[in-house]
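The values are calculated or read from the model by the stated rules, or taken from the named source; none is laboratory data. Predicted model, so just to flag it, every value in this text is computed and none were measured. Here Cβ is always computed from backbone atoms with ideal geometry, including for glycine, and neighbour counts include all displayed protein chains. Please note that ligands, DNA and RNA were not included when accessible areas were found on the heavy atoms of the full protein model with its side chains. Shrake-Rupley method; radii C 1.70, N 1.55, O 1.52, S 1.80 Å.
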Amino acid sequence: MTESQKERVHAQTQQMYSEAIVINAMEEMAELIQALCKTLRLMLGDKTLRKTEKEVSAMVDEEIADTEIALHRLVDIMGYQGQRMEKVMQIIEHKIDRIDYILGKEEEDDR
């Protein structure tokens, strides 16, 4: 998300109720989960899925965008700035490092 987009989302967030933002975030994340389930069904060759690959891909794109906006609103209303945001960034770094370690260990095991 660009800085301009973040500023616009922030301005919108100021006009919304915190409870509505939390509810919206949960809804958007649920919709992303649903779109990802359709992607998996498509990958598994589920013949009962009534969506094309193009339709499913567009759904995922849409829900990722909606979820990112919702996450930025949550960060905004929950005061994730300064030290609190730094803590989140440290957690992110730790989690990425952990996956790097696990993937590296799996490569060693495969040898």
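Structure values in brief
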read-out: CD proxy at 222 nm, helix term only [per DSSP H run n ≥ 4: -39500 (n - 2.57); per residue of the chain; nearest 500]; value: -28500 deg cm²/dmol
read-out: Per residue accessible area in Å² of the range 56-111, where ligands, DNA and RNA are left out and the probe is 1.4 Å; value: 78 Å²
read-out: Nitroxide proxy distance, nm - points 7 Å out along Cα→Cβ at Ile92 and Lys51; value: 2.7 nm
read-out: Relative contact order computed over the chain (Cα-Cα under 8 Å; 6+ residues apart), in percent; value: 35 percent
read-out: Computed Rg/Rh of the chain, alpha carbon atoms with Kirkwood Rh; value: 1.09
read-out: Carbon + sulfur, % of accessible area of the chain - ligands and nucleic acids excluded, 1.4 Å; value: 56 percent
read-out: Lys pairs under 22 Å by Cα in the chain, provided they are eight or more residues apart or on distinct chains; value: 6
read-out: Peptide ranges 30-37, 5-12 listed from the most packed, as the mean C-beta count within 10 angstrom indicates; value: 30-37, 5-12
read-out: C-alpha center-to-center spacing [the range 92-111, the range 55-72] in angstrom; value: 28 Å
read-out: Computed E for Glu3/Glu68 - FRET, C-beta separation, R0 22 angstrom, nearest 0.05; value: 0.95
